[in-house]
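K.L.:
Before I ask anything, let me first share the structure, which is written out below as structure tokens.
The values are calculated or read from the model by the stated rules, or taken from the named source; none is laboratory data. Every value quoted in this text rests on a predicted model; they were computed, and no experiment measured them. Positions of Cβ are generated from backbone atoms using ideal geometry, with glycine treated the same way; all protein chains shown enter the neighbour counts. Please note that ligands, DNA and RNA were not included when accessible areas were found on the heavy atoms of the full protein model with its side chains. Shrake-Rupley method; radii C 1.70, N 1.55, O 1.52, S 1.80 Å.
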Amino acid sequence: MTAIEQAIRRILEKNPGAAPLFKNLDIVWARPDETRGNWAEYYDRREEGAPDSPNRYYGRNTVALNKRRIGNDPEVLEEVILGDAMHRVSEIFPELYRQFTGNPSPGYERKMRERHNRTGDRRPYDQLLKYSGHDAMIRGGLLAEYPTHKRQGWGGLLRNFPFSKQQYMALEDLKRKLKN
């Protein structure tokens, strides 16, 4: 059994409700440039990619992992895989995704626009939200206390980020859904 297969098995032992996130999802070790230097990069099967950077995984939902960043720590591998699988929440748990995205607070909207400007992402703001912005906040909310996320400053996200009551409820419902 490969390290990736072992990590998925451990994830599902802890979070049996996460199984649908991994259906029809390829998880591969990739070249660092495929992850843009990040821990991992999610490639949606429907996105063709930019003309100068086509999606080499087009047609398959794929999490490309950066071995250099992850190293040999199995817990980090689990955290990164589960975190990037969160990109599938909109497709797998659409009602909870809509609850999270459909009821943002004014503070959430302001912070997300600030984040968009700070990161220098070239996509239009609405595209950033659709393909990674909301997903990042869901991942951060669910994994904020995991070691790698905590080291990256995500710890305390649920206490400090201006989520609406509906967004908090959606995150709590997602946590419960993943555990069952």
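K.L.:
Please state which of the following conditions I11 fails to meet, knowing it meets all the rest: (1) part of a helix (DSSP H, G or I); (2) open to solvent by 40 Å² or more (accessible area, probe 1.4 Å).
P.N.:
That leaves (2) as the condition not met.
K.L.:
Another question about this same structure. Scanning region 128-168 for residues that are in contact with a helix residue (DSSP H, G or I) (Cβ under 7 Å, 6 or more places away or on another chain) and among the aliphatic types (A, V, I, L, M), which turns out most open to solvent (accessible area, probe 1.4 Å)?
P.N.:
L158
K.L.:
Is it fair to say P54 is touching a residue at least 12 places away in the same chain (Cβ under 8 Å) and open to solvent by 50 Å² or more (accessible area, probe 1.4 Å)?
P.N.:
Numbers: touching a residue at least 12 places away in the same chain (Cβ under 8 Å): no; open to solvent by 50 Å² or more (accessible area, probe 1.4 Å): yes.
Here the answer is no, as P54 does not meet what is asked.
K.L.:
Hey, can you tell me all the residues within region 30-46 that are surrounded by 14 or more Cβ atoms within 10 Å (Cβ to Cβ) and not in a helix (DSSP H, G or I)?
P.N.:
A30, N38, W39, A40, E41, Y42, Y43, D44, R45 - these are the residues of region 30-46 that are surrounded by 14 or more Cβ atoms within 10 Å (Cβ to Cβ) and not in a helix (DSSP H, G or I).
K.L.:
Among the helices (runs of 4 or more DSSP H) lying completely within region 61-180, list those that include at least 2 residues that are closer than 24 Å to K23 by Cα, modelled with pLDDT under 90 and within 17 Å of the chain's Cα centre (by Cα).
P.N.:
Details: elements: 67-70, 74-85, 89-92, 94-101, 106-119, 125-128, 134-143, 147-151, 157-160, 165-179.
Helices (runs of 4 or more DSSP H) meeting the threshold: 134-143.
K.L.:
Being open to solvent by 60 Å² or more (accessible area, probe 1.4 Å) and touching a residue at least 60 places away in the same chain (Cβ under 8 Å) is true for just one of E79, E95, E75. Which residue is that?
P.N.:
On inspection, the qualifying residue turns out to be E75.
K.L.:
Return the total of residues in region 16-57 being modelled with pLDDT of 95 or more and at negative phi. Even if it seems obvious, please write down each step before you answer.
P.N.:
In the first step, residues of region 16-57 are kept if they are modelled with pLDDT of 95 or more; the result is 16-29.
Filter again for at negative phi, leaving 16-23, 25-29.
Selection size over region 16-57: 13.
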